[in-house]
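S.K.: Below you will find the structure I want to go over with you.
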Amino acid sequence: MDKTFRIAPSILSANFAKLGQEIENVIKSGTDIVHFDVMDNHYVPNLTIGPLVCDAIRDLSHNVGALIDVHLMVKPVDRIIPDFAKAGADIITFHPEASDHIDRSLALIRDSGCKSGLVFNPATPLHYLDYVMDKVDMILLMSVNPGFGGQKFIPATLDKLKQARARIDAYYEKTGRQIWLEVDGGVNANNIADIAKAGADTFVAGSAIFGSPKDTDPNRYDTVVAAMRASLATV
């Protein structure tokens with residue numbers, strides 16, 4: 001299996017007055033994916049950004065070689081999926097609790113031209129995967145409760161990651177198809193290696209990256225991203 005590690009800075013923690021420059025800097029610093037958090041003040045207690053912002057950053061993100069990973073924390077979810085696909089999303093993930101028909105929502109994402117995925121809150125069981133693995137390209141485990149940045153990593157996520165990795169590996173042995181395993185919440189240079197050892201291959205980091213700029217770095221975030229890469233190199 002592919003053992004590539006991907007770092008996905010969450011732009012929720014970026015300086016929105018300079019969002020384009022922030023995205024360019026953080027990708028040039030050595031990250032891979034623009035993580036785009038969409039909250040509706042309904043499914044989660046916060047309100048963030050929508051398809052217009054995704055459309056605005058599409059060309060910049062793709063020009064610097066970064067996928068746009070849209071995490072939908074909205075309910076109901078089906079209405080907004082085509083809008084984000086049209087706005088330039090490459091990957092769209094959603095929470096099973098936000099869909100009345102999970103299989104149909106996953107199919108809608110793929111039919112819209114994007115890769116699809118399911119997101120699991122800390123207390124959400126993995127059994128929602130039982131009959132839809134063929135439509136899942138990414139599994140995202142929340143290691144904090146969704147809604148706000150800057151929270152601490154929930155240690156129980158490590159065991160859940162191992163369970164999700166076992167499911168992915170068994171599916172790969174059966175089909176040969178790769179599924180990414182992403183983790184989001186409280187990820188930093190100090191714990192990223194343990195998270196990788198538990199099975200994650202894609203790591204969302206918001207405040208850990210955007211809260212540690214250095215004006216002496218060529219791209220402001222080179223030092224913090226290099227620290228994460230160094231930790232991952234030990235896995």
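S.K.: As an exercise, take the mean of 1/r over every pair of distinct alpha carbons in segment 1-100, invert it, and state the Kirkwood radius in angstroms. Kindly include the intermediate steps, with their values, before the conclusion.
M.R.: Working: mean 1/r = 0.0717 Å⁻¹.
Computed over segment 1-100, the radius equals 13.9 Å.
S.K.: Just to confirm my numbers, what's the Cα centroid distance between segment 80-152 and segment 183-212 in Å?
M.R.: That distance is 19 Å.
S.K.: Sorting check: for 87-94, 157-164, 36-43, 227-234, which peptide has the highest mean count of neighbouring beta carbons within 10 Å, and how do the rest follow? Before the final figure, lay out each step's value.
M.R.: On the way: 87-94: 24.8, 157-164: 18.5, 36-43: 20.0, 227-234: 15.1.
Result, highest mean first: 87-94, 36-43, 157-164, 227-234.
S.K.: Residues of segment 8-34 with the amide nitrogen closer than 18 Å to a label point 7 Å from the Cα of Asp55, along Cα-to-Cβ, please.
M.R.: Zone members listed by number: 20.
S.K.: If Lys and Arg each add +1 and Asp and Glu each add -1, what is the summed charge of the other residues whose beta carbon sits under 15 Å from the beta carbon of Val77?
M.R.: Value of the local net charge: -3.
S.K.: Of the heavy-atom accessible surface of the chain (probe 1.4 angstrom), what whole percent is carbon and sulfur? Display every interim value, and only then the final one.
M.R.: Values: 5250 of 10220 Å².
Of all accessible area on the chain, carbon and sulfur atoms account for 51 percent.
S.K.: A follow-up question, please. Tell me the Kirkwood hydrodynamic radius of segment 34-182 in angstroms, computed as one over the mean inverse distance between distinct C-alpha pairs.
M.R.: Details: mean 1/r = 0.0638 Å⁻¹.
In segment 34-182 this quantity evaluates to 15.7 Å.
S.K.: Calculate the radius of gyration of the Cα atoms of segment 94-211 to one decimal place, then report Dmax, the largest Cα-Cα distance, as a whole number, both in Å.
M.R.: When restricted to the Cα atoms of segment 94-211, Rg and Dmax are 14.1, 42 Å.
S.K.: Same structure, new question: Taking 8 Å as the Cα distance limit and 6 or more residues as the minimum spacing, I'd like the relative contact order of segment 123-230 as a percentage.
M.R.: Details: 130 pairs, mean separation 27.8, N = 108.
Over segment 123-230, the number comes to 26 percent.
S.K.: Where Lys and Arg each count +1 and Asp and Glu each count -1, what net charge lies around Val53 among other residues with Cβ under 12 Å from its Cβ?
M.R.: Working: positive: Arg58; negative: Asp37, Asp55, Asp83.
Once positives and negatives cancel, what remains is -2.
S.K.: Over the chain, with the other protein chains present, what is the accessible area per residue in square angstrom, probe 1.4 angstrom? Write out the running numbers ahead of the final one.
M.R.: Working: 10220 Å² over 235 residues.
About 44 Å² of surface per residue is accessible.
S.K.: For the chain, set up a GNM with springs between Cα atoms under 10 Å and report which of Gly211, Gly20, Gly176 has the largest fluctuation.
M.R.: Among Gly211, Gly20, Gly176, the largest mean-square fluctuation in the Gaussian network model of the chain belongs to Gly176.
The values are calculated or read from the model by the stated rules, or taken from the named source; none is laboratory data. What you see is a predicted model, and the numbers here were worked out from it, not measured in a lab. Backbone-built Cβ (ideal geometry, glycine too); neighbour counts: all protein chains shown. Note: accessible area is taken over every heavy atom of the protein model, side chains too, but ligands, DNA and RNA are not part of it. Shrake-Rupley method; radii C 1.70, N 1.55, O 1.52, S 1.80 Å.
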